[in-house]
1. Those residues that are touching a helix residue (DSSP H, G or I) at 6+ places or on another chain (Cβ under 8 Å) and within 16 Å of the ligand (Cβ to nearest atom), I need them from segment 227-248; list them, please.
2. Would you check which residues across segment 1-41 are closer than 19 Å to residue 80 by Cα, assigned to a strand (DSSP E or B) and more than 16 Å from the ligand (Cβ to nearest atom) and list them?
3. So residue 96 clears everything in (1) more than 16 Å from the ligand (Cβ to nearest atom); (2) without any contact (Cβ under 8 Å) to a residue 24 or more places away in the chain except one condition, right? Which one?
4. Looking only at segment 54-66, count every residue that is in contact with a helix residue (DSSP H, G or I) (Cβ under 8 Å, 6 or more places away or on another chain) and either surrounded by fewer than 19 Cβ atoms within 10 Å (Cβ to Cβ) or in a helix (DSSP H, G or I) (or both) and tell me the total.
5. Would you please name the residue that is nearest to the ligand (Cβ to nearest atom), looking only at residues in segment 129-168 that are within 16 Å of residue 254 (Cβ to Cβ), in a strand (DSSP E or B) and in contact (Cβ under 8 Å) with a residue 60 or more places away in the chain?
6. Mind checking whether some residue in segment 109-126 is over 18 Å from the mean Cα position of the chain (by Cα) and part of a strand (DSSP E or B)?
7. Take residue 93 and tell me if it is at pLDDT 95 or above, under 30 Å from residue 242 (Cα atoms), within 21 Å of the chain's Cα centre (by Cα) and crowded, with 19+ Cβ neighbours inside 10 Å.
8. Here are some residues: 47, 69, 77. Which one is part of a helix (DSSP H, G or I) and within 20 Å of the chain's Cα centre (by Cα)?
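The values are calculated or read from the model by the stated rules, or taken from the named source; none is laboratory data. Source: prediction; values computed, not measured. Note: ideal-geometry Cβ built from the backbone for every residue, glycine included; neighbour counts use all protein chains shown.
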Ligand code: PLP
């Protein structure tokens, strides 16, 4: 955990950083968040994360708390003050502080902003990626606007906890047709039996992962055939490879689904290569 947090215009010691009890994020989950991977102290995939933040806010009719330029400066300052080179930056913007009522406050209040920065042990992450991870599956039970990155994550919390109790690191949601939508905090991918890279299309009720989007480009540039097309749990188990993407997981091979091995249960060459290519590009384009 890093030492300094940003709360509503001020950098403070993280242990002493508090939000108001009537913050609508706390009371009603009325807010959004973004997570940036940090490489060499710089924000990865900046355009994708800023664009999604603006879209999430606009869908909820919460104003941007400041211009993109000003926000970039604040985010960088948060990274600098914490002295973090490799890590994750968390930004939360809620509708603000107002007496608890479901409808928006009648007199507009300023959005509330919190930023924290955490260190990541890249060596440990690489070791985990080399081993691959297990996922479980869980019935899709989230609301219909998973394209908005809201702080309302109770379903995801329960799914992740169930995954952890089963010895897995991620839970894949499965819709009523038996098709995987995405993970509780990542997007889901396979290299199918024909060698085609597949991930769910964004017409589905999923978060438009920024890492997913970057990896689509990376994979196409590297000459892979990529299809944004759903796959079933059975297809994933029978696939050559499976993996997840996200700002935290980057590109992380999946070797077990509900206790069954994916292919021979070992990390495959495609996911490993894509992980390396993604990280190279993210490092080179971070700001
Ligand atoms: N899907 C969900 C539900 C998530 O919470 C996340 C990240 O937190 C992702 C996908 C991956 O998104 P990104 O690559 O933008 O981190």
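1. Of segment 227-248, the ones touching a helix residue (DSSP H, G or I) at 6+ places or on another chain (Cβ under 8 Å) are 228, 240-243, 245-247.
Those that are touching a helix residue (DSSP H, G or I) at 6+ places or on another chain (Cβ under 8 Å) and within 16 Å of the ligand (Cβ to nearest atom): 228, 242, 243, 245, 246, 247.
2. 4, 5, 6, 7, 10, 11, 12, 13
3. Tallying (1) more than 16 Å from the ligand (Cβ to nearest atom); (2) without any contact (Cβ under 8 Å) to a residue 24 or more places away in the chain, residue 96 fails exactly one: (2).
4. Of the residues in segment 54-66, 4 are in contact with a helix residue (DSSP H, G or I) (Cβ under 8 Å, 6 or more places away or on another chain) and either surrounded by fewer than 19 Cβ atoms within 10 Å (Cβ to Cβ) or in a helix (DSSP H, G or I) (or both).
5. 135
6. For segment 109-126, residues over 18 Å from the mean Cα position of the chain (by Cα) and part of a strand (DSSP E or B): present.
7. Details: at pLDDT 95 or above: yes; under 30 Å from residue 242 (Cα atoms): no; within 21 Å of the chain's Cα centre (by Cα): yes; crowded, with 19+ Cβ neighbours inside 10 Å: yes.
When the stated conditions are applied, residue 93 does not pass them.
8. Result of the check over 47, 69, 77: 47.
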